[in-house]
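The block underneath contains the structure these notes are about, expressed in structure tokens.
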Amino acid sequence: MIALLKRSADSGIPRNEEKFKKLVDDIWEFKSYQVRILCTLEKNKIILLMHGFIKKKNETPKKEIEKANRLLKEFRGRKK
């Protein structure tokens, strides 16, 4: 996961959906084996990592997406 994040910082977001994909609205997911890090893209150049977890089922749990959305709203509320 660390190598994936470093590559993304140096070269931009991965084009491979097995490593990076959009979940809902502004929430994206970095994937490496069972490790998931939910993030958002701010101004198309800042990758804001919000929440990480170990995925145990095929689908990303709704509670993890809700937590990322809540953290994103908090971040954007403080930014104003």
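A short reminder: the numbers here are calculations on the coordinates, not readings from a lab. Everything quoted here is computed from the prediction, not taken from an experiment. Neighbour counts are summed over all protein chains in view; Cβ atoms, including those assigned to glycine, are modelled from backbone coordinates with ideal geometry.
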Take the range 43-57 and flag every residue that is in a loop (DSSP other than H, G, I, E, B) and either within 28 Å of residue 11 (Cα to Cα) or among the aliphatic types (A, V, I, L, M) (or both).
-> 43, 44, 45, 55
Single condition residue 68 does not satisfy, out of (1) surrounded by 14 or more Cβ atoms within 10 Å (Cβ to Cβ); (2) not in a helix (DSSP H, G or I) | (2)
Filter pass, residue 73 being over 8 Å from the mean Cα position of the chain (by Cα), farther than 18 Å from residue 17 by Cβ and not in a helix (DSSP H, G or I) = no
Filter result for residue 60 (in a loop (DSSP other than H, G, I, E, B), buried (at least 16 other Cβ atoms within 10 Å of the Cβ) and of a type outside the set (Asp, Glu)) | yes
Selection within the range 1-37 - part of a loop (DSSP other than H, G, I, E, B), under 14 Å from residue 49 (Cα atoms) and of a type in the set (Asp, Glu) = 26
Counting only residues that are in contact with a Leu (Cβ under 6 Å, 6 or more places away or on another chain) and not charged (D, E, K, R), the range 31-46 contains a total of 4
Looking only at the range 32-70, and only at residues there that are small (Gly, Ala, Ser) and touching a strand residue (DSSP E or B) at 6+ places or on another chain (Cβ under 9 Å), the one that is farthest from residue 22 (Cα to Cα) = 52
